[in-house]
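This report concerns only the one structure given below.
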Amino acid sequence: MCGISAWFGENASEMTYEILLEIQHRGHDAAGIAFLRNGKLKIAGGSGFVWNAINPSKLDNKARLAIGHVRYSTSGSYAGIYQPVVGRNKKIILAFNGNIINFREAATIFLGKKNYVWDAKAFVDILEELYEEHGNLADAIRDISSILKGSYSLVAISSRGEILVARDPRGIRPLAYSLGDEYLAVSSETAGLSALGLGWKELERNNLIYCQELGSCSKEILGKTLDPAYCAFEYIYFLRPDSFFEGINAHEARKRMGSKLAEKDYVEADLVAPVPDSGRSAAIGYAIRRGLPLDEVIYRNRFSGRAFISAPTIRRKVLLKKFQVMKESVRDRKIILVDDSIVRGDTSRHLVRLLRNAGAKEVHLRSAAPPIVSPCFFGIDMPTREELIAYSKSIEEIRRYIGADTLIYNTVKDIKDSVGKPLCLGCFTSLYPIKIRVDMLEVLFSRGRR
Ligand code: SF4
């Protein structure tokens with residue numbers, strides 16, 4: 001998963017940076033900002049959190065056009081690369097959230113070249129080629145949209161001072177904007193704009209915004225209309241709780257998911273404990289529905305990163321340091337532990353052990369998400385089936401591996417009912433909105449192993 005931001009207007013670099021800080025949860029492998037200065041496109045970025053990756057002294061505080069990106073790698077290596085990424089002729093710079101699954105095929109069609117290893121680089125080079133042909137960023141993205149397969153919410157700027165904002169025809173990833181008399185602001189999530197005190201709208205799927213000048217921005221249709229498929233995992237895990245996606249607030253949707261879990265649960269318990277922070281909203285919904293006390297018995301160190309989106313080599317270390325249990329609150333208690341999802345099972349196993357070691361009498365694990373049985377190739381880091389515990393194990397086997405007394409998952413129907421929008425549910429059903437060959441894509445997107 002990644003996050004993007006943009007600003008057209010005064011203090012563009014600074015405002016782009018401020019928005020990135022608000023969507024930092026969408027990736028901390030790397031971050032970058034690109035801006036336009038005297039007709040030249042410049043980039044500042046590096047590895048880690050926004051405040052480590054981007055040196056403010058490298059930004060131009062007079063720039064009026066900037067785009068930004070926080071990276072959580074879903075393709076390419078974990079280390080060393082970041083967006084925004086510049087085209088080969090340095091005419092445009094692109095930042096996008098998603099995955100282009102047929103980037104080699106598209107590069108062959110448009111550039112006669114297929115040896116790309118990173119979808120973002122192929123994407124920007126194709127876009128630039130078409131931009132040079134059409135002289136217009138909106139026509140360039142339109143030209144390529146019928147060929148591209150995958151998900152993309154994007155921002156791009158040109159050396160002539162244009163900006164393009166676009167969301168793919170299925171709308172798999174979210175994208176929001178705020179348009180005032182003197183600015184255009186863009187953020188992957190509505191929270192990135194509301195946190196700065198700005199009003200916002202979500203960019204409808206299959207739409208683009210194109211501006212050559214502030215005050216003359218146009219909103220246009222991108223390409224052929226396709227059935228919507230909003231990522232269910234955004235609602236379950238990724239979005240900030242205060243964000244809206246297709247008009248649905250993430251916190252409220254998660255509370256409904258927790259309530260669904262509670263409806264099918266008759267285990268006796270003393271308290272409900274959320275896995276911080278991503279299980280909190282579902283735990284609230286669960287506790288309300290069952291009339292049980294909610295207690296924050298697990299402390300999460302917010303500065304050690306999100307284990308799920310950390311590179312495998314450091315994931316274990318992050319996990320060990322990240323959680324501490326309040327022993328006094330769990331000793332001799334029967335605990336319902338609510339998490340947003342179980343991907344690899346490592347975090348759940350670790351937490352159940354911590355709770356037992358702290359004296360919990362029973363630990364019952366509840367997952368707001370259904371079992372994840374298939375990888376994601378549309379922007380979330382679950383690249384191979386082998387990494388997913390529910391791909392090869394039954395629910396009973398997972399329960400035993402994790403060490404919980406009982407384990408209950410929500411169903412796909414529970415998620416559909418909780419969100420109430422047309423969803424991509426591919427990682428829960430193996431039925432994707434785009435026809436794909438899972439085995440081939442597992443190889444193509446096996447990051448850190450190439
Ligand atoms: S496969 Fe899963 S994670 Fe990927 S876009 Fe679909 S719902 Fe989201």
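Quick grid of which residues meet (1) over 21 Å from Gly197 (Cα atoms); (2) over 18 Å from the mean Cα position of the chain (by Cα); (3) free of Cβ contacts under 8 Å to residues at least 60 places away in the same chain:
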{"site": "Phe8", "(1), (2), (3)": "no, yes, no"}
{"site": "Ile19", "(1), (2), (3)": "no, no, no"}
{"site": "Arg37", "(1), (2), (3)": "yes, yes, yes"}
{"site": "Lys42", "(1), (2), (3)": "yes, yes, yes"}
{"site": "Asn55", "(1), (2), (3)": "yes, yes, yes"}
{"site": "Leu59", "(1), (2), (3)": "yes, yes, yes"}
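Checking each residue in region 161-209 for being more than 23 Å from Tyr72 (Cβ to Cβ), of a type outside the set (A, V, I, L, M, F, W, C) and in contact with a strand residue (DSSP E or B) (Cβ under 9 Å, 6 or more places away or on another chain) picks out Gly161, Glu162, Ser178, Gly180, Glu182, Tyr183, Gly199, Lys201, Glu204, Asn206, Asn207. Out of all the residues in region 1-56, which are surrounded by 24 or more Cβ atoms within 10 Å (Cβ to Cβ) and in a loop (DSSP other than H, G, I, E, B)? Once the filter is applied, which keeps residues that are surrounded by 24 or more Cβ atoms within 10 Å (Cβ to Cβ) and in a loop (DSSP other than H, G, I, E, B), region 1-56 yields Met1, Cys2, Ile23, Gly27, Asp29, Ile54. Given the criteria assigned to a loop (DSSP other than H, G, I, E, B) and within 25 Å of Leu441 (Cβ to Cβ), does Ile147 qualify? Criteria met by Ile147.
Residue count for region 176-233 under the criterion of being of a type in the set (D, E, K, R), surrounded by fewer than 19 Cβ atoms within 10 Å (Cβ to Cβ) and assigned to a loop (DSSP other than H, G, I, E, B): the result is 6.
Conditions (1) closer than 29 Å to Leu423 by Cβ; (2) hydroxyl-bearing (Ser, Thr, Tyr), marked per residue:
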position	(1), (2)
Tyr152	yes, yes
Ser158	no, yes
Pro169	yes, no
Ser178	yes, yes
Tyr183	no, yes
Lys201	yes, no
Lys219	yes, no
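Being in the same structural domain as Lys62 (by TED's automatic domain parsing) and under 21 Å from Phe378 (Cα atoms) holds for only one residue in Ser158, Ser151, and it is Ser151.
For region 361-379, a tally of residues being near the ligand (Cβ under 10 Å from one of its atoms) and in a strand (DSSP E or B) returns 1. Every test in (1) crowded, with 17+ Cβ neighbours inside 10 Å; (2) farther than 29 Å from Ala229 by Cα is passed by Glu397 save one, and that test is (1). In summary, Ala120 fulfils each of the numbered conditions (1) in a loop (DSSP other than H, G, I, E, B); (2) closer than 17 Å to Asn102 by Cβ with the single exception of condition (1). Only residues that are surrounded by fewer than 24 Cβ atoms within 10 Å (Cβ to Cβ) and closer than 15 Å to Gly379 by Cβ were counted in region 103-132, giving 1.
Scan region 380-414 for residues that are without any contact (Cβ under 8 Å) to a residue 24 or more places away in the chain and within 14 Å of the ligand (Cβ to nearest atom) and jot them down. Residue satisfying the conditions is Tyr391 alone.
The rows are residues; the columns are (1) closer than 23 Å to Glu202 by Cβ; (2) modelled with pLDDT of 95 or more; (3) in contact with a Phe, Trp or Tyr (Cβ under 7 Å, 6 or more places away or on another chain).
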| residue | (1), (2), (3) |
| --- | --- |
| Arg256 | yes, yes, no |
| Ala262 | no, yes, yes |
| Val267 | no, yes, no |
| Leu271 | no, yes, no |
| Gly279 | no, yes, no |
| Gly285 | no, yes, no |
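For Arg88, are the conditions met, namely being crowded, with 20+ Cβ neighbours inside 10 Å, of a type in the set (D, E, K, R) and on the phi < 0 side of the Ramachandran plot? Against the criterion (crowded, with 20+ Cβ neighbours inside 10 Å, of a type in the set (D, E, K, R) and on the phi < 0 side of the Ramachandran plot), Arg88 does not qualify.
Out of the residues in region 186-215 that are among the aliphatic types (A, V, I, L, M) and within 30 Å of Leu425 (Cα to Cα), state the one that is nearest to the chain's Cα centre (by Cα). The extreme case among them is Ala191.
Looking at the structure I just gave you, is Asp270 under 18 Å from Arg302 (Cβ atoms) and in contact (Cβ under 8 Å) with a residue 12 or more places away in the chain?
Numbers: under 18 Å from Arg302 (Cβ atoms): no; in contact (Cβ under 8 Å) with a residue 12 or more places away in the chain: yes.
Judged against the criteria, Asp270 is not a match.
The values are calculated or read from the model by the stated rules, or taken from the named source; none is laboratory data. Just so we're clear, the structure is a prediction, and the values are computed from it rather than from any experiment. Note: ideal-geometry Cβ built from the backbone for every residue, glycine included; neighbour counts use all protein chains shown.
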